[in-house]
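Reading through the structure tokens given below for one structure.
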Amino acid sequence: MMNSTKIKLYDLAASEDDRRPSPYCWRARLALLHKGLAFETMPWRFTEKETIAFSGQGRVPVIIDGEQVVYDSWAIAQYLEEKYPEYPSLFGGEVGKSLSRFVTNWVEVLLVPEIVRMIITDIYAHIHEKDKEYFRTTREKFFGATLEAIPHDRDQRVITFRQSLTPLRKTLQQQPFLSGETPAWADYVVFSTFQWSRSVSPFPLLETNDPVFSWRDRLLDAFDGEARKVLAYQS
């Protein structure tokens, strides 16, 4: 049975409302789609902290489900799994949940830092004008360099990055999704990093003959092509 009231998902938007670049928000969105829950996305920008002040912090994704407020993509996934156990499982049980936590940590530690270095100026080019100063100041402080200095070697970095995907590639040569015959959280958390990149950057992270590229295409087509409906590049 569909949830009776729509869940609200506060989702980072770029300069256009329908360009959604946050990998963390994509995780939450795909979790909601997987569960088959009714929801609406609320476009949000970095400098609109007051809009989500009710959550007690200043980052998205944030969901409102009735009177329940949940933030952080992993916390949202756990909440949805526990609140709606009669809907398709994101993890497939406790063992799957533990493995999904590992995949999430792997993405956070290895994939996200590599990808951001290759596309950070593209992100900056697409974010809302009112967010640009905030984004530049916070990211340059974090990296200890100007935005323009960070991705200067991306043509070389992407070669190493593609090699690092070998475990994904070998898995996807044997099965259609990381989670098996159908996608689940492990797929969504990895896919969301590639969706983040294609949302803002024409730079190709994947070669078209790569099994990872074919897997990404299958997820772009999932849920009636939800991930294809937003503004993005074909990279």
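What follows is calculated from the coordinates using simple rules that are stated; it is not laboratory data. Quantities reported herein were computed from a predicted structural model and do not represent experimental measurements. Every residue, glycine among them, receives a Cβ derived from its backbone with ideal geometry; neighbour counts consider all protein chains shown.
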Count the net charge of all other residues whose Cβ sits under 12 Å from the Cβ of G66, scoring Lys and Arg as +1 and Asp and Glu as -1.
+1
Simple spin-label estimate for D221/Y124, 7 Å along Cα→Cβ, in nm, reads 3.8
Contour excess over end-to-end distance, with Cα ends at K83 and A53 and 0.36 nm allotted per residue
8.4 nm
The list [x] 112; [y] 139; [z] 123 gives values of volume of the Cα convex hull per residue in Å³, and only one came from this structure; which label was calculated from it?
[z]
What order do you get for 193-199, 214-220 when each peptide is scored by the mean count of other beta carbon atoms within 10 Å, highest first?
193-199, 214-220
For a protection proxy built on the mean count of beta-carbon atoms within 10 angstrom, sort 18-31, 171-184, 152-165 highest first, please.
18-31, 171-184, 152-165
Sort out for me the Cα centre separation of segment 46-116 from segment 171-188, rounded to whole Å.
19
Neighbour net charge for F177 - beta-carbon separation under 13 angstrom, K R +1, D E -1:
-2
Using +1 on the beta carbon of Lys and Arg, -1 on that of Asp and Glu, and nothing else charged, what's the dipole of segment 94-228 about the Cα centre, debye to 20?
280
Cross-link reach list, lysines versus K83, counting only Cα pairs under 24 Å and skipping chain neighbours closer than eight places:
K6, K8, K35, K97
Direction-averaged shadow area of the convex hull around the Cα atoms of segment 1-93, nm²?
5.8
Ordered by residue, what ³J(HN,Hα) values in Hz, to whole numbers, does segment 120-137 give under the Karplus form 6.51 cos²θ - 1.76 cosθ + 1.60, where θ = phi - 60° and Gly and Pro are x?
5, 6, 5, 4, 4, 5, 9, 6, 4, 3, 6, 9, 4, 5, 4, 5, 4, 4
Relative contact order (%) - the chain, alpha-carbon pairs under 8 angstrom, separation at least six
23
Test item: Cα-centred dipole of the chain, Lys/Arg +1 and Asp/Glu -1 on Cβ, debye:
340
Pairwise FRET efficiency - D17 versus D210, Cβ, R0 = 41 Å, nearest 0.05:
0.80
About the Cα centre, charge dipole magnitude for segment 8-83 (Lys/Arg +1, Asp/Glu -1 at Cβ), debye
200
Count charges around F142 for me, please; just the other residues with Cβ under 14 Å from its Cβ, Lys/Arg as +1, Asp/Glu as -1.
+3
Find the Rg to Rh ratio for segment 94-228, where Rh is the Kirkwood radius over alpha-carbon pairs and Rg uses the same atoms.
0.99
Given a Förster distance of 41 Å, the FRET efficiency implied by the Cβ-Cβ spacing of E133 and T166, rounded to the nearest 0.05, works out to 0.55
